[in-house]
Amino acid sequence: MTTNTDTKRHVREFYDQVGWQQVSDGVYQNARYEDLRPVARDYIQSCHTRVSRHIAPKGRYLLDAGSGPIQYPAYLEYSKGYDKRVCADISIQALREARKRIGEHGFFVVADISQLPFKSEAFDGAVSLHTIHHLPPDDHIPAYRQVHRTLTNGSSAVLVNGWHMPLIGRILEAPIRVRKWFRQMRKRRRKDKGAREGTFVRKYNATWLKNELGQYMPVDILVWRSISVMVLRTYVHARLGGRALLRVLYSLEERFPRFFGKYGQYPMVVIRKEE
Ligand SMILES: C[S@@+](CC[C@H](N)C(=O)[O-])C[C@H]1O[C@@H](n2cnc3c(N)ncnc32)[C@H](O)[C@@H]1O
């Protein structure tokens, strides 16, 4: 039987040994989960900047829970107005890399987001990007509550994660999944076992999260990015007007942030500590 401790150990080992190893200058193995093509750059950059709208622009300490190595330059913006960015991660390799990036601006703490070793009301803002989905199911709500506990009164945190099979993803990914299934069948016939392994991921949906979390704190679910990397790579191409397509999508997301937050791929879960 796999215990919660085993799951976390596997995740930590994955990031120490694989995810946060550099594959080229400043690019980590983990970046294969992102669309780094020029055609998607502006859209992805604009989505990153959405996070800053919901945390205080300045303060003493900003918590980055599951910081990784702070792998994209856009991430540096979140703590620009803060005295220190406190990077907490279960991967020591993540923290070593984060320290290379921000040096004296950071504190680096090996910690589990579901049992944060910080006193209550320590942070004037917090972010946690793509981290909670790595936790065993029982630890998801405790992790949100830990981040909430450590916020100062009146401040807020943004947690970005993916949903499990959201409506927009189900529609756009259906043809891709069928094609993948055929490819896999062909590979299996050729006994090709080339698939690369990732690590443990568990995702939920917006209704579940609102019900579970809403009893403890005010929660707002807004769009971060409504389409997955798989959808981007399949449908968005420079020669087919990809940039314009993404501009239209971005303005729709801006107009209907709660719709795209609920039914799109990646929401921003904004939590607040009431005064
Ligand atoms: C997908 S990466 C995201 C990193 C970074 N936030 C980003 O968006 O690039 C997930 C990170 O969460 C960390 N992590 C996984 N489980 C964790 C836990 N229980 N507590 C703290 N960090 C955790 C991993 O070590 C990894 O660095």
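Every read-out reported here was derived from the displayed coordinates using simple, explicitly stated rules and does not represent laboratory data. Predicted model, so just to flag it, every value in this text is computed and none were measured. Note that we place each Cβ from the backbone using ideal geometry, even for glycine, and neighbour counts take in every protein chain shown.
Extension gain Asp138-Lys80, at 0.36 nm per residue separation less the Cα-Cα distance, in nm? Mind dumping the intermediate values first?
Working: separation 58, 0.36 × 58 = 20.88 nm, distance 3.37 nm.
Extending this stretch completely gives an extra 17.5 nm.
The stretch 84-141: D in µm²/s via Stokes-Einstein (Kirkwood Rh, Cα pairs, 20 °C, 1.002 mPa s)?
Working: Rh = 12.4 Å.
For the chosen part, D equals 172 µm²/s.
At 10 °C and 1.306 mPa s, grab the translational diffusion coefficient of the chain from Stokes-Einstein with a Kirkwood Rh over Cα pairs, rounded to a whole number in µm² per second.
Working: Rh = 19.5 Å.
Rounded, D is 81 µm²/s.
Between 0 and 90 degrees, rounded to the nearest ten: what's the tilt of helix 167-189 against the longest Cα principal axis of the chain?
That helix lies at roughly 60 degrees to the long axis.
Quick check: the angle from helix 140-149's long axis to the longest principal axis of the chain, C-alpha only, nearest 10 degrees?
Helix 140-149 and the main axis of the chain meet at about 30 degrees.
Among bridges DSSP assigns within the chain, what percent are antiparallel (round to 5)? All intermediate terms of the calculation are to be shown ahead of the outcome.
Working: 13 of 33 bridges.
In the chain, approximately 40 percent of DSSP beta bridges are antiparallel ones.
Let's test the formula: R0 of 35 Å, r as the Cβ-Cβ distance of Phe256 and Arg183. What FRET efficiency results, to the nearest 0.05? If you can, show how the numbers build up before the last one.
Numbers: r = 35 Å, r/R0 = 0.99.
The calculated FRET efficiency here is 0.50.
Could you line up Asp124, Asp83, Asp64 from fewest to most neighbouring Cβ atoms inside 10 Å?
Details: Asp124 22, Asp83 12, Asp64 25.
Fewest to most other Cβ atoms nearby, the residues stand as Asp83, Asp124, Asp64.
Tell me whether the stretch 30-72 comes out rounded, prolate or oblate; compute the Cα gyration tensor, take square roots of the eigenvalues as a ≥ b ≥ c, and use a/c under 1.5 as the rounded threshold. Don't jump to the answer; show the numbers that get you there.
Values: a/c = 3.66, a/b = 1.57, b/c = 2.34.
Because a/c hits 1.5 or more and a/b fails to exceed b/c, the stretch 30-72 counts as oblate.
For the stretch 118-262, what does the equivalent ellipsoid look like in terms of its semi-axes, each the square root of 5 times an eigenvalue of the Cα gyration tensor, given largest first in whole Å?
On the way: eigenvalues 223, 93, 35 Å².
For the stretch 118-262, the ellipsoid semi-axes come out as 33, 22, 13 Å.
The stretch 210-237 to the stretch 44-101: how many Å between their Cα centroids?
19
Measuring from a point 7 Å past the Cα of Asn4 along Cα-to-C-beta, which residues in the stretch 123-149 have an amide N at less than 19 Å?
131-149
Using only DSSP helix segments of four residues or longer, with each worth -39500 (n - 2.57), what per-residue ellipticity at 222 nm results for the chain after dividing by its residue count and rounding to 500?
Values: 10 runs with 109 residues, N = 275.
After summing the helix terms and dividing by the residues of the chain, the value is -12000 deg cm²/dmol.
To the nearest 20 debye, what is the magnitude of the charge dipole of the chain about its Cα centre, counting +1 on the Cβ of each Lys and Arg and -1 on the Cβ of each Asp and Glu? Intermediate results must be reported in sequence, preceding the final value.
Details: 46 positive and 27 negative charges, 313 e Å.
Dipole size: approximately 1500 debye.
Along the stretch 202-207, what does the Karplus equation 6.51 cos²θ - 1.76 cosθ + 1.60 (θ = phi - 60°) give for ³J(HN,Hα), rounded to whole Hz, x for Gly and Pro?
Values per residue, Gly and Pro as x: 9, 10, 10, 10, 5, 5 Hz.
In whole angstrom, how far apart do the alpha carbon centroids of the stretch 171-190 and the stretch 145-161 sit?
Centre-to-centre distance over Cα atoms comes out at 40 Å.
Run the numbers on the stretch 58-133 and let me know its relative contact order in percent, using alpha-carbon pairs under 8 Å that are six or more apart.
Details: 137 pairs, mean separation 31.6, N = 76.
Computed value for the stretch 58-133: 42 percent relative contact order.
How would you rank Asp42, Asp220, Asp139, going from fewest to most other Cβ atoms within 10 Å of each one's own Cβ?
Numbers: Asp42 13, Asp220 17, Asp139 20.
If I rank by nearby Cβ atoms, fewest first, I get Asp42, Asp220, Asp139.
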